[in-house]
Amino acid sequence: MSSYSPVDKRTSSPLFDFSAAPKDNIHNDAEEFLDNVDLDAPSPNPAKDQSWRESSSSSISYPSSSIAGSSRPPLSTKSSAVSSTTISTLLTGGDGPTPLVLGVAVVDFNHLIGPTVEFSYPPSLQLAIQDDEDWMRLLPFLALPDGAHLSEEDYSYFHCTYSPSGGQVPTDVPSNQTLFGISCNRQLASSELTRRPSDVTRSMVQKAVVVIASQPVFLTRRCSDKLGVVTRAYFAQRDFTQTEILEDFYTSLESSLEGKSNEGAIYIGTSLRDLVHKFRHRTLTLLKLLMLQKRVMLYGYPVEKLCTYQYSLVSLIPGLLMSLRDSGSPDLDAKKTRVRPTSLRTSDRSSLLRYMGLPLQVFGKDSFFQPYMPLQQIHMLQAKSWLVGTTNQIVTQQKDCKYDLLVNIDTNTFEFSDPKIERLVTLTPADRKWMDDVVRTVEESWSLPEGERPGFKGSDDDLRSRFEEYICGALSSIKYAEFLTKAKRQDISIVGVGGPAGDGPIISPFSENWIASFKGTPAYEIWNGCTDPALFDICEPRHPCEGKVNAVSDLGLRLAEGFHDLHLDQQLGPTRDALSSAFAAGSSSLFKAFDGVRSEVNTRLQQREDAQAQQKTNKGTSTPPTSSIPPPGAGQGAKQIEDIKATLGGIGSGIGSFFGSRISTLRGGGAANGAPTTTATQSAGQTTSKEEGGGKGLRPMSLMGSGTPSSSSGSISRLGGWGK
């Protein structure tokens, strides 16, 4: 397919300025210095520079001042020196490509002198760590994050740099560029060690196994999973002087990543679904802040989740994850200028992204990206732009290097230091509609097992393509708005353009304030200088949801997301549980009360029948008296009716007292501070009566015809707590 060259077609147009395009360099990828290199390409000389890697028995002897005050051998437990042959091999091995995996190390938390690097392999990495004292002092704090003792196992992702001291050091570790590290930390009871060093004085031993690489290859599942397995096996030995397993791990890791460390494989280590599910519509807010090169800090625990959110956010900008060469320090700025491409292969995604000016250089001079930042790097927050993660609250409380946005991943809250910045990245109606579609796509398949999810829809690749479309649409709209503005100033009519020409109608769906702020960033300056003015010919200049939003639907989206941000389920959960418990307890007590009343009435009726039967028996065996006194049953019938009425009246008043006490309890909180109401129920056949004071007593009530207060044969006891 022939390459598309817009320069040849528009050089004579008064609306396009191609003066920035170099004439003597047409699409020179080498001078463009992009990090989108083919990581799968084999080494030109794979047999070269391998002798020192195979020599696992060689080590390095260091001066005693390398680790101040440490009683352990610095970096290695072996005392033999590096042979002259190995040194010669390292000195002549700098011409080949930089290895992907630079080495492995072990960091120990020494209770006497703090965390230290107690082992590293191969000798190339040992020499580099020994040569850079700042790196040797900082690496332990990066590998063992604050709060690592709170979990059985955790991972830390970090960036670092190697700065040579000035001498000729035989090492393969590249200098003055970002190095990528991952550590897996665990802890073990010191009593379980088969060989316990003398400086282990506490009950737990805490260590971390570290991998240093020249590219973020640890984001691949292959690397992180193998690191976890090897770390667990290393701890299972219960003898940390046995490091052969780590040397074998280094050798196998480098070979296993050949052909599996490209951009697609690294994307597997990120999770855009988790990012969108966590932050929902505010995911786009984070992306806008990242493009504006603001100061964004994430705080929370565990460290692995904290770092994964940041890498997932960075991966939303196409190609940026593979272009983090300058992200390790504010002093790194290798990409000061970029060459404008003058040709395009539309079938090649890399060529298309390069033509679009992607990735955006959001991490350049005076900016950096640190997935996990320890307290020892707090001075770096004085830079103008950064994206960092931390687990230490002291880092979040620095007044002289304040953040623009603090994201607490534990509470899922966003805290802006300046309301103006918050308004700057507020989503437009088109943004909210577009993000609502993205969030709904994720939520519809969130609870489904991985095998039952719809193929492409809602996957990480789907989400990444959607955000890529959004970013390309925004960049293309900027170029198109500039084109219309220039045409208006020159009084040139544009065929097919309706409405007034200018920035507003084109960029308003993305937010005019946000676009204006983006134009003031160093990232925009670099992007504008290396992109074609007619960029909108390749990518349509429009918002993905332009024209699909009305005022009513936008109001509904605002309300729905506002209610979701209130976390009503979490806030009202304790109140709902308390009310449910109160009603459940009240219902249970009410049913118990009715059961007690029914049992009591049945008992008294049975007693009455037995008494009447006994009277009839006594009447049959004796001669009735001849007098005008009516029979006993005649006078007692009326008394029984009156007593039953009185009993039922007492039951009604008791039920009223019950509900009244429940209502007063709920209103005044008496159930929490006062004594609980006691309900006493007599079993069938119980005939004794008690009279006690207060709500706990039983009040006698006569069902017999006797009017004497001393008669107790026909008394009934009302339920306890039903009052006087």
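Just for helices (runs of 4 or more DSSP H) wholly inside the stretch 392-471: which have at least 3 residues that are open to solvent by 80 Å² or more (accessible area, probe 1.4 Å)?
Numbers: elements: 393-396, 419-424, 429-444.
Correct list: 419-424.
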**Request:** Would you mind stating whether Thr346 is touching a helix residue (DSSP H, G or I) at 6+ places or on another chain (Cβ under 9 Å) and open to solvent by 10 Å² or more (accessible area, probe 1.4 Å)?
**Result:** yes
**Message:** Please count how many residues of the stretch 179-204 are modelled with pLDDT under 85 and either closer than 16 Å to Ala105 by Cα or of a type in the set (Lys, Arg) (or both).
**Reply:** 3
**Request:** From Thr171, Thr116, Thr161, Thr89, grab the single residue that is in contact with a Lys or Arg (Cβ under 9 Å, 6 or more places away or on another chain) and at pLDDT 85 or above.
**Result:** Thr116
**Item:** From Ile506, Ile526, residue being within 21 Å of Tyr355 (Cβ to Cβ), β-branched (Val, Ile, Thr), at pLDDT 90 or above and surrounded by 14 or more Cβ atoms within 10 Å (Cβ to Cβ)
**Value:** Ile526
**Fill in**
When restricted to Leu289, Leu284, the only residue under 28 Å from Pro533 (Cβ atoms) and within 16 Å of the chain's Cα centre (by Cα) is Leu284
**Asked** Which residue pairs have Cβ atoms closer than 7 Å, lie 6 or more positions apart in sequence or on different chains, and pair a first residue in the stretch 231-243 that is on the phi > 0 side of the Ramachandran plot with a second residue that is surrounded by 13 or more Cβ atoms within 10 Å (Cβ to Cβ) and not in a helix (DSSP H, G or I)?
**Response** Arg238/Leu193
**Fill in**
Scanning the stretch 139-187 residue by residue, those among the acidic types (Asp, Glu) and farther than 29 Å from Leu320 by Cβ turn out to be Glu152, Glu153
**Prompt:** Can you pull out the residues in the stretch 282-308 that are open to solvent by 20 Å² or more (accessible area, probe 1.4 Å) and at pLDDT 95 or above?
**Reply:** Arg282, Gln293, Lys294, Arg295, Tyr299
**Asked** Within the stretch 214-229, can one find any residue that is at pLDDT below 90, more than 24 Å from Ile268 (Cβ to Cβ) and surrounded by fewer than 14 Cβ atoms within 10 Å (Cβ to Cβ)?
**Response** no
**Request:** Mind telling me which of the residues Ala501, Ala481 ends up being open to solvent by less than 50 Å² (accessible area, probe 1.4 Å), at pLDDT below 90 and hydrophobic (A, V, I, L, M, F, W, C)?
**Result:** Ala501
**Asked** Looking only at residues in the stretch 364-384 that are open to solvent by 10 Å² or more (accessible area, probe 1.4 Å) and touching a Ser or Thr at 6+ places or on another chain (Cβ under 8 Å), which one is farthest from Ile421 (Cα to Cα)?
**Response** Met380
**Message:** Can you pull out every residue in the stretch 211-226 that is closer than 18 Å to Tyr155 by Cβ and in contact (Cβ under 8 Å) with a residue 60 or more places away in the chain?
**Reply:** Val211, Ile212, Ala213, Gln215, Pro216, Val217, Phe218, Leu219, Ser224
**Request:** Any residue in the stretch 360-385 that's in a loop (DSSP other than H, G, I, E, B): show its pairings with residues that are among the β-branched types (Val, Ile, Thr) and surrounded by 17 or more Cβ atoms within 10 Å (Cβ to Cβ) at Cβ separation under 6 Å, as long as the two are six or more apart or on different chains.
**Result:** Leu360/Ile317; Gln361/Ile526; Tyr372/Val303; Met373/Val388; Met373/Thr390
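The values are calculated or read from the model by the stated rules, or taken from the named source; none is laboratory data. Here the structure is a predicted model, which means the values were calculated and not measured. With ideal geometry, Cβ positions are generated from the backbone for all residues, glycine too; neighbour counts draw on all protein chains shown. Each accessible area value is taken on the protein alone, full model and side chains, heavy atoms only, with ligands, DNA and RNA left out. Shrake-Rupley method; radii C 1.70, N 1.55, O 1.52, S 1.80 Å.
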